[in-house]
Amino acid sequence: TGDLAWLKSQQNNPTLSLERSIWSLAIKPGMDKFRELIPAPLHRSVGQLAGAFDLIAAACARGPRTLIHGDVHIGNLFFRQAAVGLFDWQCAQRGQGMRDVSYFICSSMPIRLRRLHERELLELYRETLAAAGASELPSCEALFAQHRWHALFTWSAMAITAAAASLQAEPIVRAALERSAAAVLDLDSLELLGGAGAKTI
């Protein structure tokens with residue numbers, strides 16, 4: 001990771017305190033603004049989620065780490081013939097590769113499609129890492145455990161976006177909130193907030 005050492009990371013993040021404050025202050029307003037889209041279990045866990053920044057951030061930053069875009073949703077993709085590229089690299093950092101994979105799966109895929117293909121997509125990601133010669137290859141179980149944590153992160157990011165009216169158009173916010181909330185419940189990710197799941201990665 002020497003060539004990536006200049007990138008922001010969980011261990012080297014000058015804006016960490018600001019990010020923690022925004023997280024804790026904005027999740028509840030985001031939930032309240034689109035209350036009809038938030039399932040009851042998430043409403044009941046709002047205090048826990050608002051105070052879970054350090055727990056979730058630490059779990060989502062465990063190694064191996066690589067270059068990640070940090071904000072991979074469908075609005076940041078562009079297509080040129082058979083190639084796909086990414087706009088908006090302001091959140092680029094050194095982190096867990098599953099951040100980008102889970103963020104897209106949980107926020108940008110329709111719920112039914114995610115449920116049908118989620119495991120298959122994680123396996124494809126692992127196969128792609130292997131084909132690219134990744135020096136550390138997580139097991140399928142480890143990737144799924146990471147995915148559960150990143151679902152929590154993704155939903156929280158969508159709630160924060162919802163609280164800031166100018167970041168995304170409302171139809172996009174509503175779709176991402178509903179999709180990521182369903183992912184959190186489908187993956188039983190709220191159970192991780194008790195701490196027992198922190199050792200599963």
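The values are calculated or read from the model by the stated rules, or taken from the named source; none is laboratory data. Just so we're clear, the structure is a prediction, and the values are computed from it rather than from any experiment. No Cβ is skipped: glycine too gets one built from the backbone with ideal geometry, and neighbour counts run over all protein chains shown. Note: accessible area is taken over every heavy atom of the protein model, side chains too, but ligands, DNA and RNA are not part of it. Shrake-Rupley method; radii C 1.70, N 1.55, O 1.52, S 1.80 Å.
So here's what we get for this one:
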read-out: Among 92-105, 139-152, 33-46, 62-75, the order from most to least packed when residues are scored by Cβ within 10 Å on average; value: 92-105, 139-152, 62-75, 33-46
read-out: For segment 124-138, 3J(HN,Hα) per residue [Karplus equation, 6.51 cos²θ - 1.76 cosθ + 1.60, θ = phi - 60°, Hz, x = Gly/Pro]; value: 5, 4, 5, 4, 5, 4, 5, 5, 7, x, 4, 6, 10, 10, x
read-out: Degrees separating the helix 98-108 axis from the principal Cα axis of the chain, which is the longest one; value: 50 degrees
read-out: Per residue accessible area in Å² of the chain, where ligands, DNA and RNA are left out and the probe is 1.4 Å; value: 52 Å²
read-out: Karplus-derived 3J(HN,Hα), 6.51/-1.76/1.60, for each residue of segment 162-175, Hz, glycine and proline x; value: 5, 5, 9, 4, 8, 7, 9, 5, 4, x, 5, 4, 4, 5
read-out: For the chain, average projected area of the Cα convex hull in nm²; value: 11.5 nm²
read-out: Degrees between helix 16-33 axis and first principal axis of the chain (Cα, 0 to 90, nearest 10); value: 50 degrees
read-out: Computed over the chain: relative contact order in percent, which uses C-alpha pairs under 8 Å that are six or more apart; value: 27 percent
read-out: Within the accessible area of the chain (1.4 Å probe), percent carbon and sulfur; value: 57 percent
read-out: ³J(HN,Hα), Karplus 6.51/-1.76/1.60, whole Hz, each residue of segment 141-158, x for Gly, Pro; value: 5, 5, 5, 5, 4, 4, 4, 4, 5, 5, 4, 4, 4, 4, 4, 4, 5, 5
read-out: For residue 77, distant residues with modelled amide H under 5 Å away; value: 87
read-out: Candidates 156, 17, 180, ranked by Gaussian network fluctuation over the chain, Cα under 10 Å, top entry; value: 17
read-out: Segment 65-149, relative contact order [Cα under 8 Å, separation at least 6], %; value: 27 percent
